[in-house]
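**Q** Quick one: the structure is below, questions incoming.
The values are calculated or read from the model by the stated rules, or taken from the named source; none is laboratory data. Note that this is a predicted model, so its numbers are computed, not measured. Cβ sites come from the backbone with ideal geometry, for glycine too, and all protein chains shown count toward neighbours.
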Amino acid sequence: MVAAALGLLLAVTAGVVWEGGTPVSPLRHLYLVPVAWAALSGGARAGGFLGLMAGFFQVPLVLPAIERAGLTGAAVDGLVSLAMPPAVGVLAGLLRDQSRARARRLAALLQIEQCLAREGPLPVRLDAVAGVVRRGLNAARVGVLVGASAEAPALGSAPPGATLTPRSAAAWSLVTGRAVRSPDLAMDARFTLPGPPAPAPLRGLILPMDAGAGPVGVLALEWRGEVATGTAAAAAEIALHLALGVENARLTLRQRRFAEELEDKVAAATRRLREIDQAKSEFLSVVSHELRTPLTALEGFAELLLTRAVPPERAARFLRHIHVEARRLGRIVAELLDLSRLEVGVAPDLKREPLELAAHVERQIELFAGVHPAHRFRWAPEGALPTLRADRDAVDRVLQNLLSNAVKYSPRGGEVRVTARAGADGLVELRVEDQGVGIPAGELPRIFDKYVRIANRETASVRGLGLGLSLVRALVEAHGGRVEVESELGKGSVFRVILPV
Amino acid sequence: MDLLTAPFEVDRHRRFAPVVGALCVAGALMLGGVVGGQWLVRQGGLGRELGLAVEGTAIHGGFIAQGLIISLAGRPGGATIALRMAAGLFAAFLLGHLLPWGSLAFLLIPPLLVHECRGHPTLRRIGFLSPVRPACLLVGLGVGAFLGGHLLVTSSLTFGYAISVVSVAAYTSAVAYDVGANALSAEWLFRGALFSHWWRHWGFWGAVTVSTAFTLVRYLLDPALPQAPEARAGAIVYLAALALGAAALRAWSGSLVPGYLAAIAFFAAYRTLVVW
């Protein structure tokens, strides 16, 4: 293009000379054509060069005229014509360069957004971003680092494959959040460059990428030779845009992770609800069975007493059966009532009173041992036990549930050991140990949940509502205590009830 | 990428004292040489030839020494090179004044400079011995030839100066002087050391402005420049254009050689102009 414009310039000069070679030749205006063409095609450098050449071509026409006739109007006109092409070439070229640079920067900003929004590993996306920045700012080398520390930031570069060392300027800028500017790295005492310096200066600029919420990384740029005016401002604009882009990408990623977590939680909750629903169905079936058994007995014995003449001793036995079944029915109803209270989140109603724990536990064990002669019960308090302020009935039910479970899940002849000791921290620990089937480790976290009954071939025949342990926990927590369990499959379980004095 | 890998110490600063001191010493020696040369010239006889040689050596050797001091930036070895170059220049000046074709000895000065400086890779920073494309050399010659041709056309058309080679020996001697002293020392100092140094710190236009100003001062102070006002005005225009072109060539090609060739071509044309 420059060669063609130069040829055109020579043609114009030939035309001016042919036309008479005067400084005011009408053809002199044609000098502006190749100059403007060069400026609009090649920018300020080409325009300035062509303008200068046009000026040089006019000098031998203008200066002799001044020499011959002095500074006449025609000579001044010629001087203006001489000065116009360089001025037009430089100005038009500068305007063209600026508009091109602006368009390139805008395109770069759009491409940066596209690169950051892509799927894929961050370093690959940053490589693409560095390539876009390199083209947009006409840089020799570009590095984009994203991360809060210099230890392991994500790095993209153009040309690709650059590495980061901890003592470098980019690492320093990443840590301190400060910019680094160097007109020439080779002559800058702060840098130690390997090998002899190159003939052209190596300009360097490192800008922290900060959109207001703290630096998210740095943008490192190197230029060989000249840097166009306004490039530093454009680099700052791109660094800001990169910071916004990185923040947006991080937010998007965070949102995606949050949505995934939410999805997992919803799936887990749905699964749990299904389990509860299934447990409730099983519970209703068990409740029906549990209620039907004492009711059938009550109905049968009552009908016998009503329809037949029963001798007094048999009638008394029937009435004892009715009494036992009625109590059993009452216990089931009480548990159902407690359940309904737990369902609505109401703590059990306690009537606290002084309770001699040692004597109370011993009495309960004696009563339980009378009813369950197939098991061995052992009460072994460790030292003196204090007087508790507790609900007698609630403590009874806690003990009964734990002892009942120990009996249910222990083989005949198995030992149930109950111990208690007072701690120095104002707490009392009550332990119920059995030698039963034990509880699988995976089931331990939900053993105190409502309706939970551990599926086990050995205990499939054991009847229950799956409410006992949840009631135990509710009653103990209502006293300000806690209940814990340790278990080993095939060896037995230990339930520890810790109550405040 | 150096910003990512090169060791960086934020508090380290360059020391200028050794360079400034050496420049002052070189300037003093240069001035002493000129004064001493003038004194010898005034003695007449062989002393005149000797004095002119001392004077020329002081000026061009001084330029080369100052360029070395700036370019080597305190690294050792510059003094030895400067002394050897001064010896070479003194011999060439003396031969040029004593023998009709003695100035051809100036043609040995550029190879001598290359020989002396080949062990200093740091001089690549000024574009010395850095690789250069043949096209750049042609463009350099073209720039110099264009400016020289333009000078001839304008001078002859405008001011009526004649274009002539009066004596082949004198013309050849003048061109040899340009090759081995005038253009060489000017490019070495003004484009090589000063422009390259300021280009790194201020950018192209700042560096080219100041280095061109120094070039103009050097030639306007040269008693060999014709004293006619139009000649001095023309010298300012053409030397400024030549300096601008040489600086642009230095920046574009990364080498001093295209600008040096431009200067040689320009002065080769200038030597055909009968200005006295």
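**Q** Looking only at segment B:210-224, decide whether some residue is outside any helix (DSSP H, G or I), under 16 Å from B:Val274 (Cβ atoms) and either at the interface with another protein chain (Cβ under 10 Å from one of its Cβ atoms) or touching a residue at least 24 places away in the same chain (Cβ under 8 Å) (or both).
**A** no
**Q** I'd like the residue in segment A:21-31 that is crowded, with 20+ Cβ neighbours inside 10 Å and part of a helix (DSSP H, G or I) and, out of all such residues, is modelled with the lowest pLDDT.
**A** First pass over segment A:21-31, keeping only residues crowded, with 20+ Cβ neighbours inside 10 Å: A:23, A:25, A:28, A:31.
Now narrow it down to the ones that are part of a helix (DSSP H, G or I): A:28, A:31.
Details: A:Arg28: 82, A:Tyr31: 88.
For segment A:21-31, the residue satisfying everything is A:Arg28.
**Q** Can you find a residue that is out of contact with any strand residue (DSSP E or B) (no Cβ under 9 Å at 6 or more places or on another chain) and at the interface with another protein chain (Cβ under 9 Å from one of its Cβ atoms) anywhere in segment A:197-218?
**A** yes
Residue-wise test of (1) among the polar types (S, T, N, Q); (2) touching a Lys or Arg at 6+ places or on another chain (Cβ under 7 Å); (3) farther than 18 Å from B:Leu141 by Cβ; (4) part of a helix (DSSP H, G or I).
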residue: B:Thr172; (1), (2), (3), (4): yes, no, yes, yes
residue: B:Ala176; (1), (2), (3), (4): no, no, no, yes
residue: B:Glu187; (1), (2), (3), (4): no, no, no, yes
residue: B:Phe190; (1), (2), (3), (4): no, no, yes, yes
residue: B:Phe195; (1), (2), (3), (4): no, yes, yes, yes
residue: B:Ala207; (1), (2), (3), (4): no, no, yes, yes
residue: B:Ala233; (1), (2), (3), (4): no, no, yes, yes
residue: B:Ala241; (1), (2), (3), (4): no, no, no, yes
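**Q** Look at B:Arg200 and say whether it is within 14 Å of chain A (Cβ to nearest Cβ) and either among the basic types (Lys, Arg) or surrounded by fewer than 20 Cβ atoms within 10 Å (Cβ to Cβ) (or both). Break it down stepwise before answering.
**A** Values: within 14 Å of chain A (Cβ to nearest Cβ): yes; either among the basic types (Lys, Arg) or surrounded by fewer than 20 Cβ atoms within 10 Å (Cβ to Cβ) (or both): yes.
Against the criterion (within 14 Å of chain A (Cβ to nearest Cβ) and either among the basic types (Lys, Arg) or surrounded by fewer than 20 Cβ atoms within 10 Å (Cβ to Cβ) (or both)), B:Arg200 qualifies.
**Q** Which count do you get for residues in segment A:354-390 that are in a helix (DSSP H, G or I) and in contact with a strand residue (DSSP E or B) (Cβ under 6 Å, 6 or more places away or on another chain)? Explain how you work it out, then say what you get.
**A** Start the filter on segment A:354-390 by keeping residues that are in a helix (DSSP H, G or I), which leaves A:357-371.
Still in the running and in contact with a strand residue (DSSP E or B) (Cβ under 6 Å, 6 or more places away or on another chain): A:357-358, A:362, A:365, A:369.
Of the residues in segment A:354-390, 5 are in a helix (DSSP H, G or I) and in contact with a strand residue (DSSP E or B) (Cβ under 6 Å, 6 or more places away or on another chain).
**Q** Filter segment B:108-120 down to residues that are within 14 Å of chain A (Cβ to nearest Cβ) and surrounded by 14 or more Cβ atoms within 10 Å (Cβ to Cβ), then give me how many there are.
**A** Applying the first criterion (within 14 Å of chain A (Cβ to nearest Cβ)) to segment B:108-120 yields B:117-120.
Still in the running and surrounded by 14 or more Cβ atoms within 10 Å (Cβ to Cβ): B:117, B:120.
Within segment B:108-120, residues that are within 14 Å of chain A (Cβ to nearest Cβ) and surrounded by 14 or more Cβ atoms within 10 Å (Cβ to Cβ) number 2.
**Q** Give just the number: which of (1) under 18 Å from A:Leu469 (Cα atoms); (2) touching a strand residue (DSSP E or B) at 6+ places or on another chain (Cβ under 8 Å) does A:Asp393 not satisfy?
**A** (2) is the only condition that A:Asp393 fails.
**Q** Collect the residues in segment A:51-102 that are within 14 Å of chain B (Cβ to nearest Cβ), within 60 Å of the chain's Cα centre (by Cα) and under 17 Å from B:Leu244 (Cβ atoms), keeping them in residue-number order.
**A** A:Val90, the sole residue that qualifies.
**Q** Which residue is surrounded by the fewest Cβ atoms within 10 Å (Cβ to Cβ), if the candidates are limited to segment B:122-135 and must be within 12 Å of chain A (Cβ to nearest Cβ) and part of a helix (DSSP H, G or I)?
**A** The extreme case among them is B:Thr122.
**Q** Where residues in segment A:328-340 are at pLDDT 75 or above and either more than 51 Å from the chain's Cα centre (by Cα) or among the charged types (D, E, K, R) (or both), which of them is surrounded by the fewest Cβ atoms within 10 Å (Cβ to Cβ)?
**A** Of the residues in segment A:328-340, the ones at pLDDT 75 or above are A:328-334, A:336-337, A:340.
From what is left, the residues that are either more than 51 Å from the chain's Cα centre (by Cα) or among the charged types (D, E, K, R) (or both) are A:328-331.
Values: A:Arg328: 16, A:Leu329: 17, A:Gly330: 11, A:Arg331: 14.
Taking the candidates together, the pick is A:Gly330.
**Q** May I ask you to verify whether A:Leu242 is touching a residue at least 24 places away in the same chain (Cβ under 8 Å), crowded, with 18+ Cβ neighbours inside 10 Å, within 14 Å of chain B (Cβ to nearest Cβ) and of a type outside the set (Ser, Thr, Tyr)? First the steps, then the outcome.
**A** Numbers: touching a residue at least 24 places away in the same chain (Cβ under 8 Å): yes; crowded, with 18+ Cβ neighbours inside 10 Å: yes; within 14 Å of chain B (Cβ to nearest Cβ): no; of a type outside the set (Ser, Thr, Tyr): yes.
The answer is no for A:Leu242.
**Q** Could you tell me whether any residue of segment A:138-161 is of a type in the set (Lys, Arg), within 14 Å of another protein chain (Cβ to nearest Cβ), touching a Pro at 6+ places or on another chain (Cβ under 9 Å) and outside any helix (DSSP H, G or I)? Give the steps one after another, and end with the answer.
**A** To start, the set of residues in segment A:138-161 that are of a type in the set (Lys, Arg) comprises A:141.
The next check asks that each one be within 14 Å of another protein chain (Cβ to nearest Cβ); those that pass are A:141.
With the extra rule that they be touching a Pro at 6+ places or on another chain (Cβ under 9 Å), the set shrinks to A:141.
So of that shortlist, the ones also outside any helix (DSSP H, G or I) come out as A:141.
There is at least one residue in segment A:138-161 that is of a type in the set (Lys, Arg), within 14 Å of another protein chain (Cβ to nearest Cβ), touching a Pro at 6+ places or on another chain (Cβ under 9 Å) and outside any helix (DSSP H, G or I).
**Q** Let me ask something else. Does B:Leu152 satisfy the condition of being part of a helix (DSSP H, G or I) and more than 30 Å from A:Val62 (Cβ to Cβ)? Show your work before the answer.
**A** Numbers: part of a helix (DSSP H, G or I): yes; more than 30 Å from A:Val62 (Cβ to Cβ): no.
Here the answer is no, as B:Leu152 does not meet what is asked.
**Q** Assess whether A:Ala267 counts as being more than 14 Å from every other protein chain (Cβ to nearest Cβ), outside any helix (DSSP H, G or I) and farther than 22 Å from A:Gln114 by Cα.
**A** Details: more than 14 Å from every other protein chain (Cβ to nearest Cβ): yes; outside any helix (DSSP H, G or I): no; farther than 22 Å from A:Gln114 by Cα: yes.
No.
**Q** On to the next question. Tell me, which residue of segment A:174-187 that is touching a helix residue (DSSP H, G or I) at 6+ places or on another chain (Cβ under 9 Å) and more than 8 Å from chain B (Cβ to nearest Cβ) is farthest from B:Ser71 (Cα to Cα)?
**A** A:Arg178
**Q** Looking only at segment A:348-363, filter to residues that are in contact (Cβ under 8 Å) with a residue 24 or more places away in the chain and closer than 14 Å to A:Leu385 by Cβ; which one of those is surrounded by the most Cβ atoms within 10 Å (Cβ to Cβ)? Steps first, answer last, please.
**A** Taking segment A:348-363 first, the residues in contact (Cβ under 8 Å) with a residue 24 or more places away in the chain are A:348, A:350-358, A:360-361.
Next cut, closer than 14 Å to A:Leu385 by Cβ only: A:354-358, A:360-361.
Values: A:Pro354: 9, A:Leu355: 18, A:Glu356: 13, A:Leu357: 20, A:Ala358: 15, A:His360: 17, A:Val361: 23.
Per the criteria, the residue is A:Val361.
**Q** From the set of residues in segment A:219-239 that are part of a strand (DSSP E or B) and buried (at least 18 other Cβ atoms within 10 Å of the Cβ), which is nearest to the other protein chains (Cβ to nearest Cβ)?
**A** Just the residues of segment A:219-239 that are part of a strand (DSSP E or B), to begin with: A:219-224.
Next, only the ones that are buried (at least 18 other Cβ atoms within 10 Å of the Cβ) stay: A:219-223.
On the way: A:Leu219: 10, A:Ala220: 4, A:Leu221: 8, A:Glu222: 6, A:Trp223: 11 Å.
Only one residue fits best here, namely A:Ala220.
**Q** In the list A:Glu415, A:Glu433, which residue meets the criterion of being touching a residue at least 24 places away in the same chain (Cβ under 8 Å) and exposed (fewer than 15 other Cβ atoms within 10 Å of the Cβ)?
**A** Values: A:Glu433 fails: exposed (fewer than 15 other Cβ atoms within 10 Å of the Cβ).
Step by step, each of A:Glu415, A:Glu433 is checked, and only A:Glu415 is touching a residue at least 24 places away in the same chain (Cβ under 8 Å) and exposed (fewer than 15 other Cβ atoms within 10 Å of the Cβ).
**Q** From the residues in segment B:56-74 that are surrounded by fewer than 24 Cβ atoms within 10 Å (Cβ to Cβ) and out of contact with any Leu (no Cβ under 8 Å at 6 or more places or on another chain), which one is nearest to B:Ile109 (Cα to Cα)?
**A** Top of the filtered list is B:Ile59.
**Q** Next up: For segment A:245-288, give me the residue count where each residue is touching a residue at least 60 places away in the same chain (Cβ under 8 Å) and under 18 Å from A:Lys450 (Cβ atoms).
**A** 7
**Q** Of B:Ala65, B:Ala28, B:Ala58, which residue is under 23 Å from B:Ala183 (Cα atoms), free of Cβ contacts under 8 Å to residues at least 12 places away in the same chain and aliphatic (A, V, I, L, M)? Walk me through how you get there before you give the answer.
**A** Working: B:Ala65 fails: free of Cβ contacts under 8 Å to residues at least 12 places away in the same chain; B:Ala58 fails: free of Cβ contacts under 8 Å to residues at least 12 places away in the same chain.
Checking each option against the conditions leaves just B:Ala28.
**Q** Taking B:Gly119 and the conditions (1) under 26 Å from B:Phe195 (Cβ atoms); (2) assigned to a helix (DSSP H, G or I), which numbered condition does it fall short on, given that it satisfies the others?
**A** Evaluating B:Gly119 over (1) under 26 Å from B:Phe195 (Cβ atoms); (2) assigned to a helix (DSSP H, G or I) leaves (2) as the failure.
**Q** Does A:Gln255 satisfy the condition of being loosely packed, with under 14 Cβ neighbours inside 10 Å and under 30 Å from A:Asp127 (Cβ atoms)? Show your work before the answer.
**A** Numbers: loosely packed, with under 14 Cβ neighbours inside 10 Å: yes; under 30 Å from A:Asp127 (Cβ atoms): yes.
Taking the combined requirement at face value, the residue satisfies it.
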